[in-house]
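The values are calculated or read from the model by the stated rules, or taken from the named source; none is laboratory data. Since the structure is predicted, the reported quantities are computational estimates derived from the model, not experimental observations. Using ideal geometry, Cβ is built from the backbone for each residue, glycine included, and neighbour counts are taken over all protein chains shown.
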Amino acid sequence: MSSPTWKADPLALLPTLSQHPRRSGSDESQASDTSTEAEQLSLASSSTILNLQLELIKDKLKEYKPLDANDDTAKVLNAFLDNLYGLGLATLAHEIDKFSSDPLKLRQLRNCLVDAILKPMAAAGGKQPGVTPSTNDLADDAIEAAMSSIEGSSRKGQATLKADCLRRDNNRCVIMGIVDSKVWKEMPTEERTSKHGATECAHILPFALRKLDDRSATHTKNKAAIWWALYEYFPILNGKIAPNTINQAANAMTLAAFAHRVFGAFSFGLKATEKDHEYQIEVLDPESYETSLLPPQVTFLQHDTRVPMPDKDLLDVHLRIGRILKVSGIGAAVRQSLARYEDRTEDNISSDGSTNLERILGDKLLMYI
């Protein structure tokens, strides 16, 4: 089974994302002050001092009183604190400290992190760019018209990227070692010494984060908010990747179709070792049969030196987001929401109007997370 393809941007229908508490209202003027304080702490202090600061902040989160029965603010913020590092960690720590006496601001901070980082990454990961018929006709014509189709230039760029990655990766999955089926069929019989299978060009940071679609004001604003949050809490990305450079070889690798699917679903990540291009497989979903097929460790080889290797910093960000999705429970919530939507077909929509269409649309838009 290949990875899902999508006719439109999987992020196109997301409603306006929650605004960051220090980028809204009266806190707008204080945004730069908070960032400056965090940067000073990160650069001037030792890890020991920062760890002591974190202990105090975690103690404050223990005092947070949920606003309702479904309020997971403390859980989500702790998941980020445990998996960020450096300036990104210092920034979040300062924000939590700053808003610790205001539960509404802490909840808003949680919503921003979930809306701008966790939901987009979980919803868009593992999707194979392409143009295929929609498998679900629930959305009405107005919604479908609002969805952004992949431009021809993007499809061409994707084909070029896949060809580059295949050359660099010796025409095989960098995790499983299986040869791309199309290449295998063209090989002389005596060279067919490895098993073959369908391979795909897998993006480390999702392809859906590519260049903004100016045709939708909400879409454009959301993409800008997503990139702001990624740069704010994973500053290693700044200057390394951007919306117009998503389709770069350093952000891609050749994976077997099933490996792409579980990688994009954050069921596993790649943890760099001390050796160049050597990674440990960190399984984030041990109950998945597919992750049980993965080797414990891999070494990437560069068979075409003109094509850059997968960037270890991008892989590290992917792994950290995967850990946060798992520990916070947001990853499971996104999967459940999308599964509920996919299970709803025209065949089980009642003609008497009793079907909760608002709930169905809410699941598609990830509004209940």
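Just to be sure I understand, how many residues within segment 219-262 are assigned to a helix (DSSP H, G or I) and either of a type in the set (A, V, I, L, M, F, W, C) or within 14 Å of residue 161 (Cβ to Cβ) (or both)? So the count comes out to 19. Of a type in the set (D, E, K, R) and at pLDDT 95 or above: does that describe residue 223? When the stated conditions are applied, residue 223 does not pass them.
Please verify whether residue 266 is touching a helix residue (DSSP H, G or I) at 6+ places or on another chain (Cβ under 6 Å), at pLDDT 95 or above and within 26 Å of residue 92 (Cα to Cα), treating the condition exactly as stated. When the stated conditions are applied, residue 266 passes them. Here 230, 166, 209 are screened, and the one residue that is closer than 26 Å to residue 109 by Cα, touching a strand residue (DSSP E or B) at 6+ places or on another chain (Cβ under 9 Å) and touching a residue at least 24 places away in the same chain (Cβ under 8 Å) is 209. Quick check on segment 20-36. Is at least one of its residues modelled with pLDDT under 90, surrounded by 16 or more Cβ atoms within 10 Å (Cβ to Cβ) and not in a helix (DSSP H, G or I)? Within segment 20-36, one or more residues are modelled with pLDDT under 90, surrounded by 16 or more Cβ atoms within 10 Å (Cβ to Cβ) and not in a helix (DSSP H, G or I). For segment 54-90, which residues satisfy the criterion of being under 19 Å from residue 22 (Cα atoms) and either in contact with a Cys (Cβ under 7 Å, 6 or more places away or on another chain) or modelled with pLDDT under 90 (or both)? Across segment 54-90, the qualifying residues are 87, 90. Looking across segment 189-247, the residues that are under 19 Å from residue 319 (Cα atoms) and of a type in the set (D, E, K, R) come down to 232, 240.
With respect to being over 24 Å from residue 197 (Cα atoms), in contact with a strand residue (DSSP E or B) (Cβ under 7 Å, 6 or more places away or on another chain) and either crowded, with 21+ Cβ neighbours inside 10 Å or not small (Gly, Ala, Ser) (or both), residue 241 falls outside the description. When residue 254 is tested against the conditions (1) in contact (Cβ under 8 Å) with a residue 12 or more places away in the chain; (2) surrounded by fewer than 23 Cβ atoms within 10 Å (Cβ to Cβ); (3) closer than 21 Å to residue 307 by Cβ, the lone failure is (2). Looking at segment 61-87, which of the residues that are assigned to a loop (DSSP other than H, G, I, E, B) and under 18 Å from the mean Cα position of the chain (by Cα) is surrounded by the most Cβ atoms within 10 Å (Cβ to Cβ)? Ranking the candidates gives 84 first. Every listed requirement among (1) at pLDDT 95 or above; (2) out of contact with any Leu (no Cβ under 8 Å at 6 or more places or on another chain) is met by residue 271 save one, (2). Among the residues of segment 287-303, just one is touching a Phe, Trp or Tyr at 6+ places or on another chain (Cβ under 9 Å), part of a loop (DSSP other than H, G, I, E, B) and without any contact (Cβ under 8 Å) to a residue 60 or more places away in the chain, namely 288.
Only one of (1) in a helix (DSSP H, G or I); (2) at pLDDT 95 or above fails for residue 174. Which number is that? Of the numbered conditions (1) in a helix (DSSP H, G or I); (2) at pLDDT 95 or above, the odd one out for residue 174 is (1).
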